[in-house]
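Derivation of every value follows stated rules applied to the coordinates shown; laboratory data play no part. No experiment lies behind these values; they were computed from the predicted model shown. Virtual Cβ from ideal backbone geometry, glycine too; neighbours counted across all protein chains shown.
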Amino acid sequence: MWRLLFLMLVSAPLVAAAQPVPRTGYFPAETEGKPWEEQKLQLPPIPAAENLIRVQVDDAQGFAFFVDSASVSVGTDDVVRYTLVARSESGATNISFEGIKCKTRERKLYAIGRADHTWSPARNPQWTPISELPANRAQAVLFGEYFCPARIIVRNTDDARRVLKQGGDPRASGSAELWNQPR
């Protein structure tokens, strides 16, 4: 009897070790070490007034900011792309097509809108850090309050548009109970 019990205790770890390892959905060998690749850029149409959604930017220094909801997309490369319209109190308008990388808190200017309703590609499009300086305030707000609360990217294009329409992501406030609510 004792021998049988002893054999069972000794062989149990061997049997457990022989079992197949369950796959969890995270496969480091398949994802780690691969360089990040930016997807091919497609410029959207110049924005139409009916698609503009105002983004509240404090300390905007006389500018009102809008995002063209029709241009918003979340790429397979985890970049949120959008058209930003900045309008001064005097009526001057600047239009830019940009991207935000949530993981690294960076932005990229892809193109500038022209008066003839075409795009002029940026001269040297580079990923640059998003700062809280007045010149980057709109991008900082879009990053922290809309597209990347806590550096977590919105799930998809529909989610990004919904967050724009509701005036920001409720998770951006940092309230712990909001993190557990469905979006």
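Quick grid of which residues meet (1) basic (Lys, Arg); (2) farther than 21 Å from residue 43 by Cβ; (3) in contact with a helix residue (DSSP H, G or I) (Cβ under 7 Å, 6 or more places away or on another chain):
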position	(1), (2), (3)
97	no, no, no
105	yes, yes, yes
135	no, yes, no
165	yes, yes, no
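Within region 116-166, can you find the residues that are in contact with a strand residue (DSSP E or B) (Cβ under 7 Å, 6 or more places away or on another chain) and small (Gly, Ala, Ser)?
Matches in region 116-166: 120, 122, 138, 160.
Which condition does residue 57 not pass, out of (1) among the aliphatic types (A, V, I, L, M); (2) part of a strand (DSSP E or B); (3) under 14 Å from residue 136 (Cβ atoms), if it passes all the others?
Of (1) among the aliphatic types (A, V, I, L, M); (2) part of a strand (DSSP E or B); (3) under 14 Å from residue 136 (Cβ atoms), only one is false for residue 57: (2).
Are there any pairs, at least 6 apart or on different chains, whose C-beta atoms fall under 9 Å, with the first in region 121-132 and under 21 Å from residue 144 (Cβ atoms) and the second small (Gly, Ala, Ser), and if so, which?
127/99; 130/140; 130/144; 131/140; 132/140
Can you tell me which residue is surrounded by the most Cβ atoms within 10 Å (Cβ to Cβ) among those in region 111-129 that are aliphatic (A, V, I, L, M) and over 17 Å from residue 63 (Cβ atoms)?
111
Counting only residues that are surrounded by 10 or more Cβ atoms within 10 Å (Cβ to Cβ), over 22 Å from the mean Cα position of the chain (by Cα) and within 26 Å of residue 121 (Cβ to Cβ), how many does region 49-63 have?
Summing the residues that are surrounded by 10 or more Cβ atoms within 10 Å (Cβ to Cβ), over 22 Å from the mean Cα position of the chain (by Cα) and within 26 Å of residue 121 (Cβ to Cβ) in region 49-63 gives 1.
Just to be sure I understand the filter: pairs with C-beta atoms under 6 Å, separated by 6 or more residues or on different chains, first member in region 37-59 and free of Cβ contacts under 8 Å to residues at least 60 places away in the same chain, second member buried (at least 17 other Cβ atoms within 10 Å of the Cβ) and of a type in the set (Phe, Trp, Tyr). Which pairs pass?
Listed by first residue and then by second, the contacts come to 52/66; 54/66.
Need pairs with beta-carbon distance below 9 Å; first residue charged (D, E, K, R) and within region 140-151, second surrounded by fewer than 18 Cβ atoms within 10 Å (Cβ to Cβ) and part of a helix (DSSP H, G or I); sequence gap 6+ or separate chains.
Within 9 Å, the pairs are 145/173.
Starting from residues that are among the aliphatic types (A, V, I, L, M) and buried (at least 20 other Cβ atoms within 10 Å of the Cβ), keep the ones in region 64-93 and report whichever is nearest to residue 166 (Cα to Cα).
Selected residue: 67.
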